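Chemist: Below is the structure I would like to discuss, written out as structure tokens.
What follows is calculated from the coordinates using simple rules that are stated; it is not laboratory data. Owing to the predicted nature of the structure, the values given are computational and were not obtained by experimental measurement. FYI the Cβ positions are ideal-geometry reconstructions off the backbone, even for glycines, and counts take in every protein chain you see.
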Amino acid sequence: MRQIVVGTRGSTLALAQTRQVVARLTEEWPETDFRLQTIQTRGDLEKGILKGDKGFFTKEIEQALLEGRIDIAVHSLKDLPTQNPEGLDIASIPRRVDARDVLIGRAEMKSLRDLPPGATVGTSSVRRRAFLKAFRPDLNVRDLRGNVDTRLSVLGSGEYDAIIIAAAGLIRMDLRHRIDEFIDTAILLPAPGQGALALQTRADDTLTIEVAYSINDPATDDRVSAERAFLEGLSAGCMAPVGALATLVGDSLKLEGWVSALDGSNLIQGSIEGDPSECEDLGLELAEDMLGQGAKALVDA
């Protein structure tokens, strides 16, 4: 029986989503032995925001892949830089779960619109902070880092009135019941690739690529390819507040993109629609259009 080693971070969420991937792969390849291996990344060790380092949740996993210590790496796609290291490719994008952000609040703090002026909202994301300030400049948005369990636990301390995190993590951890509100994407546009996973392999490992590709979802692939092309076209630093969401409407793909000042004082929005087969070109075209509208000053800030 052939063995394939699947590598991931060791967080509760990373393990949960990777086990789901392994279960899907096992259904498709029952004669293959899939073994899970956890790898500690710099992002796991350094809990603060790591400015200027786009791969702080992925580099060590990619190195293990290049060295042959693992055969497939499972990443949260939004953590993965838009350019693969030489010798590696994204072989598969499984079906995406909900891409939206969600609010979880204390008693009587269950809706973003209903939070009282000055309410304290916790988030780990500069994108969420900027878009929240654009929508509700009266809110006190404070940094909140750590794994999902850590973030949920702070609500009991009274230090935060509400927190905002990605829906996908809660869904994959069977914690959907904790969600108080799915936030409209007209208020908080998700990060490019949010809610999607990526299976990364060595570029020359044809058999493992075939195994990984067996759970690829073409519709998800088209959507996130457009979103990531938009991000790449902006040449945005990892700290730039950028949102992107592609949806399939009939035979057409619609991509929305946002770029904001860090304090939410300037928010540039745009959209484009076209054939899903041209998903990457659509993303690059939207980025070029928004750079011409002044987004360059925001992503360079």
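Chemist: Taking the simple approach of a point 7 Å from Cα along Cα-to-Cβ for both ASP289 and ASP275, what is their distance in nm?
Modeler: Between ASP289 and ASP275, the simple spin-label model gives 1.8 nm.
Chemist: Please sort by residue number the trypsin sites (Lys or Arg not before Pro) in segment 74-182 whose DSSP state is loop and whose Cβ has at most 13 other Cβ atoms within 10 Å.
Modeler: ARG113, ARG145
Chemist: Calculate, in nm to one decimal, what ARG2 and ARG69 gain on full extension: separation in residues at 0.36 nm each, minus their alpha carbon distance.
Modeler: 22.6 nm
Chemist: Towards the positive end of the charge dipole of segment 203-254, with charges on Cβ (+1 Lys, Arg; -1 Asp, Glu), say which of SER225, VAL242, ILE215 has the farthest Cα.
Modeler: So the residue we want is VAL242.
Chemist: In debye to the nearest 20, how big a dipole does the chain give about its Cα centre with +1 on each Lys and Arg Cβ and -1 on each Asp and Glu Cβ?
Modeler: 1320 debye
Chemist: Can you give the Kirkwood hydrodynamic radius of segment 101-182 from its Cα pairs, in Å with one decimal?
Modeler: Answer for segment 101-182: a Kirkwood hydrodynamic radius of 12.5 Å.
Chemist: If the chain between ASN216 and SER157 were fully stretched, how many nm would it gain, using 0.36 nm times the residue separation less the Cα-Cα distance?
Modeler: Numbers: separation 59, 0.36 × 59 = 21.24 nm, distance 4.18 nm.
Extra length from ASN216 to SER157 when fully extended: 17.1 nm.
Chemist: Within segment 1-21, whose backbone N sits under 14 Å from a point 7 Å along Cα→Cβ of MET173?
Modeler: Within reach of a label on MET173: 10-18.
Chemist: Calculated from DSSP H runs of 4 or more alone, at -39500 (n - 2.57) each and per residue, what is the 222 nm mean residue ellipticity of the chain, nearest 500?
Modeler: Computed ellipticity for the chain at 222 nm equals -8500 deg cm²/dmol.
Chemist: Provide the net charge surrounding LEU15, with neighbours chosen by a C-beta distance below 11 Å and charges set as Lys +1, Arg +1, Asp -1, Glu -1. Write down the numbers at each step before the final one.
Modeler: Working: positive: ARG9, ARG19, ARG172; negative: none.
Result for the neighbourhood of LEU15: +3.
Chemist: If I model a spin label as a point 7 Å beyond the Cα along the Cα-Cβ vector, how far apart are those points for LYS110 and ALA203 in nm?
Modeler: 5.2 nm
Chemist: Just to be sure I understand: of the beta bridges DSSP finds with both ends in the chain, what percent are antiparallel, rounded to 5?
Modeler: In the chain, DSSP labels about 65 percent of beta bridges as antiparallel.
Chemist: Mind checking Rg over Rh on the chain, alpha carbons, Kirkwood formula for Rh?
Modeler: With Rg and the Kirkwood Rh in hand, the quotient comes to 0.96.
Chemist: Right, something else. At q = 0.16, 0.21 Å⁻¹, what is the base-10 log of I(q)/I(0) for segment 159-212 according to the Debye formula with one equal point scatterer per Cα and no solvent? Please give it to two decimals.
Modeler: Computed log10 I(q)/I(0) values: -0.67, -0.87.
Chemist: Write down Rg/Rh for segment 156-279, rounded to two decimals, with Rg from the C-alpha atoms and Rh from the Kirkwood relation over Cα pairs.
Modeler: 1.02
Chemist: Then there's this: With angles folded into 0 to 90 degrees, how steeply does helix 126-135 sit against the dominant principal axis of the chain? Use alpha carbons for both and round to 10.
Modeler: 30 degrees
Chemist: Related question: Over segment 226-299, one equal point on each Cα, no solvent: what is log10 I(q)/I(0) by the Debye formula at q = 0.20, 0.24, 0.27 Å⁻¹?
Modeler: -0.72, -0.98, -1.18
Chemist: A follow-up question, please. Which residue fluctuates the most in the chain, going by a Gaussian network model with Cα springs under 10 Å, if the choices are LEU267, LEU175, LEU103?
Modeler: Greatest mean-square fluctuation among the candidates belongs to LEU175.
Chemist: Another question, if that's okay. With just the Cα atoms defining each centre, how far is segment 241-293 from segment 149-175? Give it in Å.
Modeler: With segment 241-293 and segment 149-175 each reduced to a Cα centre, they are spaced 28 Å.
Chemist: Given labels modelled 7 Å from the Cα in the Cβ direction, how far is it in nm from ILE187 to GLN83?
Modeler: 3.8 nm
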